[in-house]
Amino acid sequence: MRETTQQEKLMSIGISMLALGIFPLIWFLSQALLFRELTDAISRNLLVVVALIIGSSFIFLLFLGMDKIIKLAPKDNRDALEARMFVGPSLFMISLFLFYPAVRTIYISFKDRYSKDFIGFENYKWAFSDPEMIVTIRNQIIWLFFVVFFVLLIGLVVGWLSDRLNKGEAFFKSIVFLPMAISAVGASAIFKFIYEYRPPPLTQIGIINGIRVSVDRLGAQCMNNRIINGEFNGFDNENCLKPIGWLQQRDMSNLPFAQSLDANNWFNNIVVNLPVNTMLLMLIMIWMFTGFAAVVFSAGIKAIPQEIMEAGQIDGASEIRVFRSIVIPYIKSTIIVVGTYMVVTVLKAFDIIYVSTRGDLETNLLAVKMLDEFSKYRNFGRSATVAVLIFVCVLPIIIGTAIREKENAQS
């Protein structure tokens, strides 16, 4: 009896290894080798047809074979072995395309420019000493704090206000959510036209500068290069406001109002040194994701029992007090989820910077810097180092999410 039990355990372990390791390996290698040989032999359209027919048939046969082997195992272990059979390929693919690249990236971060010689922590010393990299890290921190904060704040307020509407709530939410349907590239292009600058006396096609140079000032009639009754009207008068290159402003020192501030005041120094172009680029992401946050928060607010809200109002609590003492604590988990999503989104921010400034003028972020080191400077070690920094920033979010999910499951 004992020998039989031992044999059943050994059989279960063997089948588990087959399902989690050997079976996915055979599945992947067979597909890779087959289609590598067929890629050069047949056309792409025919390759798709062959992949659908041969690939799916081969997978079916492998699963059928594994099912036959599992039926040889004891009945008590079959359910667990069948689960491993289906989980095995997924775990294998995750390990191959996620875990292995992550480990490989960490390994390359300790190598030189061409990933040949081991140089220790030199790349990490560069990451925290290079002036350009320090500006990039500064920008990433600013983005993480302000974008996440304002998306959550404005999203909460808009979600709360939309929930109080008696009519037109669906229409209002759809309008607020609309920017989320626009790609980051499209949104960046829209705002690039808003911030557009052309040196005088060229016509200003940017909305802000177009309005700015058209303002009559100190008795001067200023227009954005318009011809009225055959007469050309521009903004070349010295009393007219001049256009500003908004995305070219690394700080506020060149803006008119900053030139009148007291340079000896510490608060004025902070204001003057604020990165204008970085803040304007952050506005794009805030505009894009505020609607998403508002819709999610509105759904969470609707889940609050109406009796609790009415009880607070009967006790004489104001709308602000109800919002602060009832709404926010009740949707705390929703706020954490949206905040986590936004942190990860900001750490991956790439399109906005790449389309707007290409990372120049001290607007760079880690994701763009990683690409620059890889493709522009051809420094694979430093590129891997920047990727590791992004991973280190995301890791606490992953761990915190896993812990929270575990606590929710236990409760």
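The values are calculated or read from the model by the stated rules, or taken from the named source; none is laboratory data. In this text, all values refer to a predicted model and were calculated from it rather than measured experimentally. Methodologically, a virtual Cβ is constructed for each residue, glycine included, from the backbone with ideal geometry; neighbour enumeration extends over all protein chains shown.
When restricted to residues that are within 24 Å of the chain's Cα centre (by Cα), in a loop (DSSP other than H, G, I, E, B) and not aliphatic (A, V, I, L, M), the stretch 254-282 contains 1.
In the set GLU169, GLU132, only one residue is modelled with pLDDT of 90 or more and of a type outside the set (Gly, Ala, Ser); that residue is GLU132. Residues that are loosely packed, with under 13 Cβ neighbours inside 10 Å and of a type in the set (Ser, Thr, Tyr) do not occur anywhere in the stretch 297-307. Count of the stretch 209-221 residues, restricted to those that are on the phi < 0 side of the Ramachandran plot and surrounded by fewer than 16 Cβ atoms within 10 Å (Cβ to Cβ), is 6.
Each residue in the stretch 374-390 was checked for being more than 23 Å from the chain's Cα centre (by Cα) and either small (Gly, Ala, Ser) or farther than 16 Å from TYR107 by Cβ (or both), and 3 pass.
In the set (1) out of contact with any Lys or Arg (no Cβ under 7 Å at 6 or more places or on another chain); (2) touching a residue at least 12 places away in the same chain (Cβ under 8 Å), the condition left unmet by PRO200 is number (1). Filter the stretch 113-143 down to the residues that are more than 17 Å from LYS369 (Cα to Cα) and charged (D, E, K, R) and list them by number. Across the stretch 113-143, the qualifying residues are LYS116, ASP117, GLU122. Exactly one residue among ALA220, ALA189 is hydrophobic (A, V, I, L, M, F, W, C) and under 23 Å from GLY291 (Cα atoms), and that residue is ALA189. Of the helices (runs of 4 or more DSSP H) entirely within the stretch 12-102, those holding at least 3 residues that are more than 38 Å from the chain's Cα centre (by Cα) and free of Cβ contacts under 8 Å to residues at least 24 places away in the same chain occupy 56-70, 75-94.
Within the stretch 259-295, the residues that satisfy the criterion of being among the aliphatic types (A, V, I, L, M) and free of Cβ contacts under 8 Å to residues at least 40 places away in the same chain are LEU261, ALA263, ILE270, VAL271, VAL272, LEU274, VAL276.
Restricting the stretch 133-188 to residues that are in a loop (DSSP other than H, G, I, E, B) and hydrophobic (A, V, I, L, M, F, W, C) leaves a set whose member that is surrounded by the most Cβ atoms within 10 Å (Cβ to Cβ) is ILE182.
Out of all the residues in the stretch 243-253, which are in contact with a helix residue (DSSP H, G or I) (Cβ under 8 Å, 6 or more places away or on another chain) and part of a loop (DSSP other than H, G, I, E, B)? Those that are in contact with a helix residue (DSSP H, G or I) (Cβ under 8 Å, 6 or more places away or on another chain) and part of a loop (DSSP other than H, G, I, E, B): PRO243, ILE244, GLN249, ARG250, ASP251, MET252, SER253. Residues in the stretch 229-250 that are in contact with an Asp or Glu (Cβ under 9 Å, 6 or more places away or on another chain) and among the aliphatic types (A, V, I, L, M): LEU247 only.
Within the stretch 73-122, being exposed (fewer than 11 other Cβ atoms within 10 Å of the Cβ) and in contact with a helix residue (DSSP H, G or I) (Cβ under 7 Å, 6 or more places away or on another chain) holds for one residue alone: TYR114.
Right, VAL388: over 30 Å from ASP163 (Cβ atoms), modelled with pLDDT of 90 or more, in the same structural domain as GLY300 (by TED's automatic domain parsing) and out of contact with any Leu (no Cβ under 9 Å at 6 or more places or on another chain) or not? Against the criterion (over 30 Å from ASP163 (Cβ atoms), modelled with pLDDT of 90 or more, in the same structural domain as GLY300 (by TED's automatic domain parsing) and out of contact with any Leu (no Cβ under 9 Å at 6 or more places or on another chain)), VAL388 qualifies.
Please verify whether ASN45 is outside the structural domain of VAL388 (by TED's automatic domain parsing), over 30 Å from ALA384 (Cα atoms) and surrounded by fewer than 13 Cβ atoms within 10 Å (Cβ to Cβ), treating the condition exactly as stated. The answer is yes for ASN45.
Determine whether the stretch 297-305 contains at least one residue that is assigned to a helix (DSSP H, G or I) and within 16 Å of the chain's Cα centre (by Cα).
Of all residues in the stretch 297-305, those assigned to a helix (DSSP H, G or I) come to 297-302.
Within this subset, residues satisfying the condition of being within 16 Å of the chain's Cα centre (by Cα) are none.
Among the residues of the stretch 297-305, not one is assigned to a helix (DSSP H, G or I) and within 16 Å of the chain's Cα centre (by Cα), which makes the answer no.
Checked against the criterion of being farther than 30 Å from GLU319 by Cα and free of Cβ contacts under 8 Å to residues at least 24 places away in the same chain, the candidates LYS116, LYS192, LYS167, LYS111 yield just one match: LYS116.
Got a sec? Which of VAL322, VAL343 is modelled with pLDDT of 90 or more, of a type outside the set (Ser, Thr, Tyr) and surrounded by fewer than 21 Cβ atoms within 10 Å (Cβ to Cβ)?
On the way: VAL322 fails: modelled with pLDDT of 90 or more.
Answer to the selection: VAL343.
Of ASN239, ASN224, all but one fail to be in a loop (DSSP other than H, G, I, E, B) and loosely packed, with under 15 Cβ neighbours inside 10 Å; the exception is ASN239.
Residues that are exposed (fewer than 15 other Cβ atoms within 10 Å of the Cβ), among the aliphatic types (A, V, I, L, M) and over 19 Å from PHE128 (Cβ atoms) do not occur anywhere in the stretch 376-394.
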